[in-house]
Amino acid sequence: MFAAFLAAIFAAFLPAAPAAAQKAKDELRPIWRNVVPNIDSYYNGLRDGIVFAHHVWDHLIERDPETFAYKPGLATEWKWVDDVTLDVQLRQGVKFHDGSAFGAEDVAHTFNFVADPANKALYQRNTNWIKKVDILDGHKVRIHLHRPFPPAIDFLSMPMFVYSRNYKGPEEMNRRPIGTGPYRVVSLDQGKDYKFERFAEHYAGSPKSGATIQRIHARTITDRATELAELLAGNADLIWYVDADQLPNIQRRRNLQILQAEAMRIGYLALDAAGRTGAGNPLTKQKVRHAIAHAIDREGYVRNLVQGEARVIHAPCFPLQFGCDDSLAPRYAFDPAKAKRLLAEAGYPNGFKTQLFAYRVRDWTEAIQADLKGVGIDAEVQMLPVSTFIQKFQKGETPMGQGDWGSFSVNDASAVVSTFFKDTEDDYARDPEVKALLDVADNASDPAVRKDHYRRAIGRIMEQAYWLPLHTFVTNYAFTADLEFRAYKDEIPRYWVYRWK
């Protein structure tokens, strides 16, 4: 039915509607899929909010999107004094969007605020490795860690943005976002409409220098048919997370282009092994979880639905991340007969009923639902807005949760494995053996020790089938042919890189 509806949309816009003269207006119009409830990057877990943050704020250290090499940002130099002390020399002459000068006080205030558990940053693992930040002089700070944290530099270059010394928390930031980034916010209607303007005084020497497009006007449209209609009508210039089966139709339009690119994001099915959703939950039984792993045709799922460069994975992390080693992880082949045997052995010869919560693409979730139904598991699908899904997931209300995770683009397994399996509110396993392994892996100074402990933790997670990792993600983009567009592995569209042809 939905495919027929989209076909009607394409027919309605044939012949192609002429693209608006956005080149002359010098205004890029992307559409964001998710309603971002909070634009403060420390209180947001949505990709669209992360994109917002990369344009409005800067990092001490910036990471090259192609090579992942670290480059000076707001910091010109950084040096480890010891395993738990990092000295950072700050750049001079940097201004915030309101004209105020950047300095050590801004860095210290930002990091001390978000590292304080009392201020309840949304994902504590992004910030709680910092013990405190001291000001050494007007343009130098010392970052103290609670314990060694080897991926610290990658965290400083991705989720750790620098705010002003006047920062008071997310409520005020939602009203008046001020940063040092390449674009300043002109106006915003929270969760709906965002207007940006190129910041003419963005500091020289920034890896984000050279923005050519003057204005950005981003809108939130949660309905995929509506956002596609806006692109076809010439009312938008860039959309992403396009359904793979619509790409051929878009490609036939001379004024549009498409691009499929694998991203540092994984899809997963989280199973309530810890029984957080209540007593008597069948998912607390290992054989039930093994049955689910054998019931789902992941290869067919990736081939027919996700498509592109996507691949089935056997570990709860992105394959290129440091420490993502699946050598101890069992392979769960698609085997419905074995799944039925395991269910019978677990005491469920006739299956059972449960709920499957998700937010991404209903067709994808319904394919999993159908596979589960084929072995006797009746999973009622609950499609939710992503922010609602996150709230229910963290409250322990989702017996099965189909989600995806981009690790805040941090190139380290700790950004995903330790987020979901280290006794956090996202942890549905609550396995002390896994947590002990991750405690060592996250904090050991020796890379070999870290790798070994991640490998063992991943082996334990997969042997117990706490998660069923599904696939790597392919992000599908569609955009006006007038735009020079590039996609990056870290799944961050960089509007300051784009230009009109």
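Of note:
- Where strands (runs of 3 or more DSSP E) fall wholly inside segment 350-430, the ranges with 2 or more residues that are among the charged types (D, E, K, R), open to solvent by 50 Å² or more (accessible area, probe 1.4 Å) and touching a strand residue (DSSP E or B) at 6+ places or on another chain (Cβ under 9 Å) are 377-383.
- Residues of segment 123-145 satisfying the condition of being in a loop (DSSP other than H, G, I, E, B) and either of a type in the set (D, E, K, R) or buried (at least 18 other Cβ atoms within 10 Å of the Cβ) (or both): 123, 127, 129, 139
- Evaluated against (1) closer than 21 Å to residue 410 by Cβ; (2) open to solvent by 20 Å² or more (accessible area, probe 1.4 Å), residue 76 falls short on exactly one condition, (1).
- Of all residues in segment 242-265, those being assigned to a strand (DSSP E or B) and either at pLDDT below 95 or not polar (S, T, N, Q) (or both) number 9.
- Selection from segment 315-349 of residues that are assigned to a loop (DSSP other than H, G, I, E, B) and among the basic types (Lys, Arg): 331
- Sole residue being β-branched (Val, Ile, Thr) and within 12 Å of residue 60 (Cα to Cα), chosen from 114, 133, 107: 107
- Filter result (among the small types (Gly, Ala, Ser) and under 20 Å from residue 100 (Cα atoms)) within segment 135-175: 138, 164, 169
- Inside segment 64-105, residues that are under 27 Å from the mean Cα position of the chain (by Cα) and assigned to a loop (DSSP other than H, G, I, E, B) make up a count of 10.
Quick grid of which residues meet (1) touching a Lys or Arg at 6+ places or on another chain (Cβ under 9 Å); (2) farther than 27 Å from residue 129 by Cβ; (3) of a type in the set (A, V, I, L, M); (4) assigned to a strand (DSSP E or B):
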{"residue": "433", "(1), (2), (3), (4)": "yes, no, no, no"}
{"residue": "436", "(1), (2), (3), (4)": "no, no, yes, no"}
{"residue": "454", "(1), (2), (3), (4)": "no, no, no, no"}
{"residue": "468", "(1), (2), (3), (4)": "yes, yes, yes, yes"}
{"residue": "486", "(1), (2), (3), (4)": "yes, yes, no, no"}
{"residue": "496", "(1), (2), (3), (4)": "yes, yes, no, no"}
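- Remark: pairs (first residue in segment 147-161, closer than 15 Å to residue 323 by Cα; second residue open to solvent by 20 Å² or more (accessible area, probe 1.4 Å) and not in a loop (DSSP other than H, G, I, E, B); Cβ separation under 7 Å; 6+ apart in sequence or on different chains) = 149/443.
- Taken as a whole, the condition of being closer than 26 Å to residue 244 by Cβ, touching a Phe, Trp or Tyr at 6+ places or on another chain (Cβ under 7 Å) and small (Gly, Ala, Ser) does not apply to residue 413.
- The number of residues in segment 162-179 that are within 16 Å of residue 132 (Cα to Cα) and hydrophobic (A, V, I, L, M, F, W, C) comes to 1.
- Taken over segment 320-349, residues that are within 21 Å of the chain's Cα centre (by Cα) and open to solvent by 50 Å² or more (accessible area, probe 1.4 Å) amount to 3.
- Among the residues making up segment 431-445, those that are free of Cβ contacts under 8 Å to residues at least 60 places away in the same chain, of a type in the set (A, V, I, L, M, F, W, C) and open to solvent by 10 Å² or more (accessible area, probe 1.4 Å) are 436, 437, 440.
- Some residue of segment 374-387 being out of contact with any Lys or Arg (no Cβ under 7 Å at 6 or more places or on another chain), modelled with pLDDT under 95 and among the hydroxyl-bearing types (Ser, Thr, Tyr): yes
- Residues that are surrounded by 22 or more Cβ atoms within 10 Å (Cβ to Cβ), of a type in the set (S, T, N, Q) and under 15 Å from residue 111 (Cα atoms), drawn from segment 165-201: none
- Any pair with Cβ under 9 angstrom, 6 or more apart, that starts in segment 65-83 at a residue that is within 16 Å of residue 130 (Cα to Cα) and ends at one that is open to solvent by 90 Å² or more (accessible area, probe 1.4 Å) and not in a loop (DSSP other than H, G, I, E, B): 78/70
Every residue, every condition in (1) small (Gly, Ala, Ser); (2) open to solvent by 10 Å² or more (accessible area, probe 1.4 Å); (3) under 30 Å from residue 484 (Cβ atoms); (4) over 27 Å from the mean Cα position of the chain (by Cα), yes or no:
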residue: 211; (1), (2), (3), (4): yes, yes, yes, no
residue: 231; (1), (2), (3), (4): no, no, yes, no
residue: 239; (1), (2), (3), (4): no, no, yes, no
residue: 255; (1), (2), (3), (4): no, yes, yes, yes
residue: 259; (1), (2), (3), (4): no, yes, yes, no
residue: 277; (1), (2), (3), (4): no, yes, no, no
residue: 298; (1), (2), (3), (4): no, yes, no, no
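- Residue in segment 266-280 that is acidic (Asp, Glu), modelled with pLDDT of 95 or more, within 18 Å of residue 404 (Cα to Cα) and in a helix (DSSP H, G or I) present: no
- Residue ID - farthest from the chain's Cα centre (by Cα), chosen from residues in segment 213-229 that are modelled with pLDDT of 95 or more and open to solvent by 50 Å² or more (accessible area, probe 1.4 Å): 215
The values are calculated or read from the model by the stated rules, or taken from the named source; none is laboratory data. Being a predicted model, the structure only gives us computed values, none of them experimental. Don't worry about glycine lacking a Cβ; one is built from the backbone with ideal geometry, like all the others, and counts go over all protein chains shown. Heads up: the accessible areas ignore ligands, DNA and RNA and are worked out on the full protein's heavy atoms, side chains in. Shrake-Rupley method; radii C 1.70, N 1.55, O 1.52, S 1.80 Å.
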